[in-house]
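Just so it is clear, none of the values below were taken in a lab; they were calculated from the coordinates. Worth saying up front: this structure is predicted, and the values here are computed from it rather than measured. Every residue, glycine among them, receives a Cβ derived from its backbone with ideal geometry; neighbour counts consider all protein chains shown.
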C-alpha cells in the first residue's frame, strides 16, 4: 500500500474551526473570517497570506477552512482554496459539494490563481466570493497564472456566481503585512 | 490538531511504482507507462481513465505516479496529474520540482484540465508530455474547463516545454474502454 498523500493544515487552525455550530450570516462576515485566517497564517509563519473557507450558502454554517501551506508541507497544490475544498469534501463525504441538498460557497481572501480557478467547477460550489484582486497579489510578487479573460463569465456557464472586492482593502492589508514581514515568495523556479 | 487531508492512491499502484530504479528512456516509454496506469485504474475500478507520472527528465528515472481517484477518495482535486505532482514533491521534500539540480517532466495520458494546467507552473516541472487531447476526453463526456487559448504558449513563458499527441491513439483507447465499461462521469453537479 503506498503511503497516502498527506497535507497538514496548521495546528492553530483547529481553534478557528473547532466549533461545530459556527455560522456567518453575511458574505462580509464570511470574508472577514477568511481574511483572519490569512492574517493568522502570516503571524504564525505557517504559510502564504491566503485564507479560504467553505460555507453552507444559505445558513452561513462553516463547513471547512484552509490556508496556504505550500512551503511547510512541500506541496505546490496546497493553496488555501484547494485545502478548503478538499477538506470540506472529506467532511461531507462526497467529491461534489453540490451533490446534497445544500448549496456551498467558497470564500477566499484573494481571487483564485489559475489552478484554484480551474478547481472551482469540479468542486460543486454554487458561488465564490473574493476579497483582494489578482493584481493585488501580483503587486507583492505572487504569480496568478494565465486565466481566461472572462473567468467570471466562464464560471457563470457552470451556474457559479462570483462576487469580487468584498472587504478588498482588509484583504490587501494582509498581503502588505506579509511583504513587510519578509514573507517568502515561492513562485516555481521557472519564474524566478 | 486538525486531521490531515489524506488522499490514498490505490493499493495496486504500489506494484507499479515500488521499484527504486525504474527508468524510462524515451517519452514514448514514459507515456506508455502513464497510459498503463490509466488502464489499470479503469480495470481495477479505482477511478477515472487518467494516469500521470513525474520523471527525472534527463535520466527518465520514475519519481512518482498518480491516477485519478476523485470518486473513491471523495476529492475533486485528486486528478492524476495533481496526485503525481504532490507525491513527487513529498518524495523529494520540496514544493518545487525545479529546486534541485534535476529537471522534471510531467507525463499525462490526457491533456491537463484547467485546474491541472494551472498547477503545472507552480509545480516546477520543466516539461509536460500529453497523450490524448482535451477533445478526446470531452468526446466521452468529461469537461476540461476553460483554458487560455494558447496554453502551450503560456507554459512556454514559464520555460516549460509541451509535447502533445504522444501515443495519442493508445491513450484514447483507455478513454473508450472506460466509456464502454460504464465508467462514471463525475463532472460537478452544476454541469449535470
- Query: Quick one: label points 7 angstrom along Cα→Cβ at residue B:18, distances to the other copies in nm, smallest first?
  - Reply: 4.1
- Can you give the average number of partner chain beta-carbon atoms within 10 Å of each beta-carbon in peptide B:119-129, as a whole number? 6
- Query: Got the relative contact order for region A:41-109 handy, in percent, Cα pairs under 8 Å and 6 or more residues apart?
  - Reply: 35
- Query: Shape of region B:1-97 from its Cα gyration tensor (a ≥ b ≥ c, root eigenvalues): rounded if a/c is under 1.5, otherwise prolate when a/b > b/c, or oblate?
  - Reply: oblate
- Fraction of beta bridges assigned by DSSP in the protein assembly as shown that are antiparallel (%, nearest 5): 60
- Using the Cα atoms as the points, what is the convex hull volume per residue of the protein assembly as shown in Å³? 119
- Item | Counting DSSP beta bridges with both ends in region B:1-144, the antiparallel % (nearest 5) | 70
- Query: How many nanometers, to one decimal and shortest first, lie between the label point of residue B:100 and those of its other copies, if labels sit 7 Å from Cα toward Cβ?
  - Reply: 4.1
- Query: So how far apart, in nm, are the two label points at residue B:181 and residue A:22 if each is 7 Å from Cα heading toward Cβ?
  - Reply: 4.2
- Message: Based only on Cα atoms, what mean projected area does the convex hull of region B:67-110 have, in nm²?
- Response: 3.5
- Note on the structure: Full extension between residue A:91 and residue A:15 adds, at 0.36 nm per residue less the Cα distance, a length in nm of 25.7 nm
- Using only Cα atoms, locate the centre of region A:46-84 and the centre of region B:121-138, then give the distance between them in Å, rounded to an integer. 25
- Message: Can you tell me how region A:44-166 classifies by the Cα gyration tensor, rounded, prolate or oblate, using a/c under 1.5 as the rounded cut?
- Response: oblate
- Item | For residues of B:91-97, the mean tally of beta carbons on other chains within 10 Å | 5
- Put a point 7 Å out from Cα along the line to Cβ at residue B:29; what are the distances to that point in the other copies, in nm, shortest first? 6.1
- Quick one: grab the alpha carbon gyration tensor of region A:118-192, order the square roots of its eigenvalues as a ≥ b ≥ c, and give me rounded if a/c is under 1.5, else prolate or oblate depending on whether a/b is larger than b/c. oblate
